[in-house]
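Structure first, commentary second.
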Amino acid sequence: MGKLGLPAVILASVLCCCSLFEPRSPEDPEEPPVEWFDPYQYQTVITNLKNTMEGLSVPYYMRCYADSFAFIADDQDTAQYGWNFRNWDYVTEESAVGPIFDEAESDTTYGQDTVASVVLSEIPSLPDPVDYEDTIDIYREYEVQYLSSEHSPAKGIARLYLARPGSGGLWSIYRWEDSRREEHGPDDVTWGVFKGYYLFTLSSR
């Protein structure tokens with residue numbers, strides 16, 4: 001090797017080794033599968049609830065709820081269907097919505113953007129409280145439809161109890177009291193009954 005060749009090789013090796021210690025370009029954070037906003041306001045939880053139900057994301061849907069979550073079904077639903085809605089907690093909720101979302105996601109008849117439709121409307125006669133601190137309960141009239149399902153769309157009224165762990169914390173739902181609407185017809189079902197079809201009937205097959 002010539003006299004000039006060896007220094008060139010050494011210089012190239014040094015430059016190569018130096019490059020090993022240069023910091024990597026930071027990777028972009030993983031985008032959530034649905035439009036999600038950190039719920040610093042209780043209203044944001046409702047927005048996230050709609051987005052995750054339409055976006056068919058079980059993990060993000062469950063992030064709308066506190067670990068202590070409890071679902072309380074309408075007494076008339078319990079009497080009519082004979083299902084055991086007692087002790088419906090966070091784990092039960094996850095088990096109930098999983099098959100609903102999976103069915104909708106696997107149905108190729110509809111696009112994922114159109115297979116689900118969720119409306120959560122404020123009720124003028126039951127407005128949100130103006131004075132609150134770290135807890136609040138609100139009412140929303142809902143209509144939940146999954147075109148992939150053979151069951152009727154869910155219609156009813158939800159009384160939602162929300163809380164945040166101290167000032168500046170993130171809000172979440174810790175209790176959902178489900179009710180039929182006054183105009184509940186013979187073919188209508190609440191969200192509790194809609195979930196019940198998948199939780200109770202599928203598990204018994």
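The values are calculated or read from the model by the stated rules, or taken from the named source; none is laboratory data. Values in this document were obtained by computation on a predicted structure and should not be read as measured data. Quick reminder, even Gly has a Cβ in these numbers, built from the backbone with ideal geometry, and neighbours come from all protein chains shown.
Within the range 116-172, count every residue that is touching a residue at least 40 places away in the same chain (Cβ under 8 Å), touching a Leu at 6+ places or on another chain (Cβ under 6 Å) and not charged (D, E, K, R).
4
Is it the case that residue 93 is buried (at least 17 other Cβ atoms within 10 Å of the Cβ), within 14 Å of the chain's Cα centre (by Cα) and farther than 20 Å from residue 201 by Cβ? Outline the logic, then answer.
Details: buried (at least 17 other Cβ atoms within 10 Å of the Cβ): yes; within 14 Å of the chain's Cα centre (by Cα): yes; farther than 20 Å from residue 201 by Cβ: no.
When the stated conditions are applied, residue 93 does not pass them.
For residues in the range 123-157 being under 23 Å from residue 187 (Cβ atoms) and of a type in the set (Asp, Glu), which is surrounded by the fewest Cβ atoms within 10 Å (Cβ to Cβ)?
The extreme case among them is 150.
If residue 179 meets every condition in (1) surrounded by 14 or more Cβ atoms within 10 Å (Cβ to Cβ); (2) at pLDDT below 95 apart from one, which number is that one?
Failing condition for residue 179: (2).
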